[in-house]
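Chemist: Please read through the structure below; I'll follow up with questions.
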Amino acid sequence: MIPTLIVWIILGFCGAYIGYLKGYPQKLMAFLGILGPFTLLVVYLFFPKTKEARERDAEHKRITDEEAEFKKMQPCPTCGKEVTARAWVCGYCGHQFVSVT
């Protein structure tokens, strides 16, 4: 009895998480998760993402791309230390980078 209850609770949490990922109400998806794993599989595979979920994912990807651009490194031509690609001046030797704009 107890192991079955634990499995149903876990399926409910899985349903709520799928609801979050797809942009559907999490309480509804938790209820569908409690109905069984087959229901979760159908919802996960065949329900499309909502517009809000697609926008949230696009915003997350844009922020991630900006962070990756900021973290690019290049060697300083004077001292050889790694500095960010957007740096104007080397923090180690003071070499000034030429602006490419």
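The values are calculated or read from the model by the stated rules, or taken from the named source; none is laboratory data. None of these values were measured; they are calculated from a predicted model. Don't worry about glycine lacking a Cβ; one is built from the backbone with ideal geometry, like all the others, and counts go over all protein chains shown.
Chemist: Going residue by residue through the stretch 36-49, is there one that turns out to be free of Cβ contacts under 8 Å to residues at least 40 places away in the same chain, on the phi > 0 side of the Ramachandran plot and not assigned by TED's automatic domain parsing to the domain that holds V98?
Modeler: yes
Chemist: Something else about it: If you check G91, G33, which single one turns out to be free of Cβ contacts under 8 Å to residues at least 60 places away in the same chain and assigned by TED's automatic domain parsing to the domain that holds V7?
Modeler: Result of the check over G91, G33: G33.
Chemist: Can you find, within the stretch 40-97, the residue that is farthest from L11 (Cα to Cα) among those that are β-branched (V, I, T) and in contact with a strand residue (DSSP E or B) (Cβ under 7 Å, 6 or more places away or on another chain)?
Modeler: Looking at residues that are β-branched (V, I, T) and in contact with a strand residue (DSSP E or B) (Cβ under 7 Å, 6 or more places away or on another chain), I get V89.
Chemist: Report, by residue number, each residue of the stretch 64-81 that is loosely packed, with under 10 Cβ neighbours inside 10 Å and either among the acidic types (D, E) or within 17 Å of the chain's Cα centre (by Cα) (or both).
Modeler: E67, A68
Chemist: Across the stretch 26-50, what is the total count of residues that are part of a loop (DSSP other than H, G, I, E, B) and under 25 Å from the mean Cα position of the chain (by Cα)?
Modeler: Total satisfying the criteria: 4.
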